[in-house]
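The values are calculated or read from the model by the stated rules, or taken from the named source; none is laboratory data. Given the structure is predicted, the values throughout are model-derived calculations rather than measurements. Surface accessibility is based on the protein's heavy atoms, side chains included, excluding ligands, DNA and RNA. Shrake-Rupley method; radii C 1.70, N 1.55, O 1.52, S 1.80 Å.
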Amino acid sequence: QVQFVESGGGLVQAGGSLRLSCAAYGTIISNYAMAWYRQAPGKERELVGQITRDGSTYYEDFVKGRFSTSRDSVKNTMSLQMNDLKPEDTAVYYCHFRWATVEWGNGTLVTVSS
């Protein structure tokens, strides 16, 4: 059974940084395109960025230049470095396959205060 466990969220002031981690179980993430998503209160889940099998990355415009994702194939984990955080980045963040669907993890809550 595939399971993703996100961690690293918390409360941070605007302009601050956080690093999220995602541990994967039951799958080898380097074999797949992986992505970070987020869901803000009252809004639908949205794509934040992705990393492909060959390590190429893509980010949505609203985080481009501030967020970056990486993957550790040995540990079977991925990370999301978030810099210059804004209040509108407040959301629950999830890691998941980019093009396949399994049960979503619990996510990790990021709260950015102004």
Would you mind getting the accessible area per residue of the chain, heavy atoms of the protein chains only, 1.4 Å probe, in Å²?
54 Å²
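Compute the convex hull volume of the Cα atoms of the chain, divide it by the residue count, and report the result per residue in Å³ as a whole number.
On the way: hull volume 10.4 nm³, N = 114.
In the chain, the Cα hull volume divided by residue count equals 92 Å³.
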In Å, descending, principal axis extents of the Cα set of the stretch 1-55
35, 24, 23
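What percentage of the solvent-accessible surface of the stretch 7-69, computed with a 1.4 Å probe over protein heavy atoms, is contributed by carbon and sulfur atoms? Working shown, then result.
On the way: 1590 of 3410 Å².
After summing per-atom areas, the C and S share lands at 46 percent.
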Give me the percent relative contact order of the chain, please, defined on Cα pairs under 8 angstrom at least 6 residues apart.
38 percent
